[in-house]
């Protein structure tokens, strides 16, 4: 850990050799992490390289008291979520969301990020808990629409309610979830990604 802090101090001072050491130490592991979000390894590598590029571009403003690995970790996670949204890979996103807590726990341990960004690490499990707390019919409509991807008319037919009723349930569910999860910025971001 002290060795890492020394390298980070050198990077902050503009030492390109120290930056290359840091890059080599974490590049592969961060690519593996990014690959859990995006299918293509070349896209994952591009995202990680971009995160390192941004880090070097702003190396003089690095806070040596904070975890630089944690900064990269968050940057890569957010960029991957943006990529999923851009690609509209709904099934991949939902599959990842369901496994987020377990994946995140493993990578926190791997990167020694025990105290970094704690509120955001269990964001998906918090979303799922909030959905489970919705009234029964509203929860059923919301899951069929947002999690399983059914069209409104299909849901209306399946649950024997009107399409307007489906829309109303989803609107009210969204309001409830946004209010309940407003303390988790990443949760609001994730909810916005759901179709």
Q: Within segment 123-138, track down each residue that is surrounded by fewer than 16 Cβ atoms within 10 Å (Cβ to Cβ), in contact with a helix residue (DSSP H, G or I) (Cβ under 8 Å, 6 or more places away or on another chain) and either farther than 30 Å from residue 77 by Cα or modelled with pLDDT of 85 or more (or both).
A: 132, 133, 137
Q: Could you list all residues from segment 156-173 that are within 24 Å of the chain's Cα centre (by Cα) and in contact (Cβ under 8 Å) with a residue 24 or more places away in the chain?
A: 170, 173
Q: Only residues that are farther than 20 Å from residue 78 by Cβ, free of Cβ contacts under 8 Å to residues at least 24 places away in the same chain and not in a helix (DSSP H, G or I): list them for segment 14-54, please.
A: 15
Q) Does any residue of segment 115-122 turn out to be in a helix (DSSP H, G or I), modelled with pLDDT of 85 or more and more than 18 Å from residue 44 (Cα to Cα)? A) no
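The values are calculated or read from the model by the stated rules, or taken from the named source; none is laboratory data. Keep in mind the model is a prediction, meaning the values are calculated, not measured. FYI the Cβ positions are ideal-geometry reconstructions off the backbone, even for glycines, and counts take in every protein chain you see.
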